[in-house]
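What follows is a set of notes on a single structure, which appears directly below.
The values are calculated or read from the model by the stated rules, or taken from the named source; none is laboratory data. Since we're looking at a predicted model, the values are computed, not measured. All Cβ positions, glycine included, derive from the backbone under ideal geometry; neighbour counts span all protein chains shown. Side chains included, ligands, DNA and RNA excluded: accessible areas come from the protein's heavy atoms. Shrake-Rupley method; radii C 1.70, N 1.55, O 1.52, S 1.80 Å.
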Amino acid sequence: MPVKIRLQRHGKKGKPFFWIVAADARAKRDGKFLDKIGTYNPNTNPATIDLNLDSAVQWLHNGAQPTDTARAILSYKGALLKHHLDGGVRKGALTQEQADAKLAAWLDEKANKVTSKKEGLTKAQEKAKAEALKAEKAANEKRANAAAEALKAAEATEEVAEEVSEVAAEETPAVEEAPAAEEANEEKEA
């Protein structure tokens, strides 16, 4: 019975969530499995991987073959390195303490890389948020200036309208007097 270390899909449509399992190669993708080794959530940035390192290494020692994606995940978490170092210990190339020290150093370096990536993403989000706020303030100032100019233009239009109405009011009685005078002249003649 060939054993594969592979991903088993869970989660809803568009939001995948995977279990990392050791399963019979003949079993369905989401079917029966022998052992759940961990979880993988690609929806977060960086992806969240929770792996039982000892269980994964034990399955590798027993001959389980990981799929391509599972191999990448096992490599990312250090399971393949631990399997390789354990092979060196069995052959006598190094001691268990040396192998553990190398694995611990590698895991620390990997953790630092992940932490720096998270910090970089956080800084990028803060920078984008600050730029968006700056752009929004500029747009608000532009909108306020445009409203102020429109208000000034409306006031100027009102002033011009008032002046025109004052001029028209002054001229209108003079215009009305002339026809009244003409009517009075016509009445006298008649």
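Tell me, what ³J(HN,Hα) does each residue in the range 113-128 have, in order and in whole Hz, if you take phi through Karplus 6.51 cos²θ - 1.76 cosθ + 1.60 with θ = phi - 60° and put x for Gly and Pro?
Going residue by residue, I get 5, 5, 5, 5, 5, 4, 5, x, 5, 5, 5, 5, 5, 5, 5, 5 Hz, with x marking Gly and Pro.
Computed FRET efficiency, Cβ-Cβ of Asn145 and Asn41, R0 45 Å: what is it to the nearest 0.05?
According to the calculation, E is roughly 0.40.
For the chain, report the translational diffusion coefficient in µm²/s to the nearest whole number, using Stokes-Einstein at 37 °C, 0.692 mPa s, and a Kirkwood Rh over Cα pairs.
Rounded to a whole number, D works out at 136 µm²/s.
Multiplying the sequence separation of His61 and Lys12 by 0.36 nm and subtracting their Cα-Cα distance, what value in nm do you get?
Extending this stretch completely gives an extra 14.3 nm.
Put +1 on the Cβ of every Lys and Arg and -1 on every Asp and Glu Cβ in the chain; which of Gln58, Trp106, Ala138 then has its Cα farthest towards the positive end of the dipole?
Final value for the positive-end residue is Gln58.
Label points 7 Å out from Cα along the Cβ direction at Ala135 and Ala161: separation in nm?
3.9
How big is the dipole moment of the range 42-125 about its Cα centre under a simple scheme where the beta carbon of each Lys and Arg is +1, that of each Asp and Glu is -1, and everything else is neutral? Debye, nearest 20, please.
That gives the range 42-125 a dipole magnitude of about 220 debye.
For the pair Ala104 and His84, how long in nm is the line joining their label points, each one 7 Å along Cα→Cβ?
With each label point 7 Å from Cα toward Cβ, the separation is 2.1 nm.
Counting DSSP beta bridges with both partners in the chain, what percentage is antiparallel, nearest 5?
Given both bridge residues lie in the chain, the antiparallel proportion sits at roughly 90 percent.
Within the range 1-90, report the trypsin sites (Lys or Arg not before Pro) that DSSP leaves as loop and that have at most 16 other Cβ atoms within 10 Å.
Listed in order of number, the matching sites are Lys12, Lys13, Arg26, Lys28, Arg29, Lys32.
Compute the accessible area per residue over the range 8-59, keeping the other protein chains in place, probe 1.4 Å, unit Å².
60
Once you have the Kirkwood Rh of the range 1-110 from its Cα pairs, apply Stokes-Einstein at 4 °C and 1.567 mPa s and quote D in µm²/s.
It comes out at roughly 88 µm²/s.
How would Asp35, Asp30, Asp86, Asp54 rank on accessible area, largest to smallest, probe 1.4 Å?
Descending order: Asp54, Asp30, Asp35, Asp86.
Determine the per residue accessible area of the range 73-148 with all protein chains present and a 1.4 angstrom probe, expressed in square angstrom.
Value returned for the range 73-148: 74 Å² of accessible area per residue.
With +1 on the Cβ of every Lys and Arg and -1 on the Cβ of every Asp and Glu, and nothing else charged, how large is the dipole of the chain about its Cα centre, in debye rounded to the nearest 20?
Computed about the Cα centre, the dipole is about 5160 debye.
Taking the full set of protein chains and a 1.4 angstrom probe, give the accessible area of Ser75 in square angstrom, rounded to the nearest 10.
In the full protein context, Ser75 sits at about 60 Å².
Divide by every residue of the chain the summed helix terms, -39500 (n - 2.57) for each DSSP H run of at least 4, and state the resulting mean residue ellipticity at 222 nm, rounded to the nearest 500 deg cm²/dmol.
My calculation for the chain gives -24000 deg cm²/dmol from helical runs alone.
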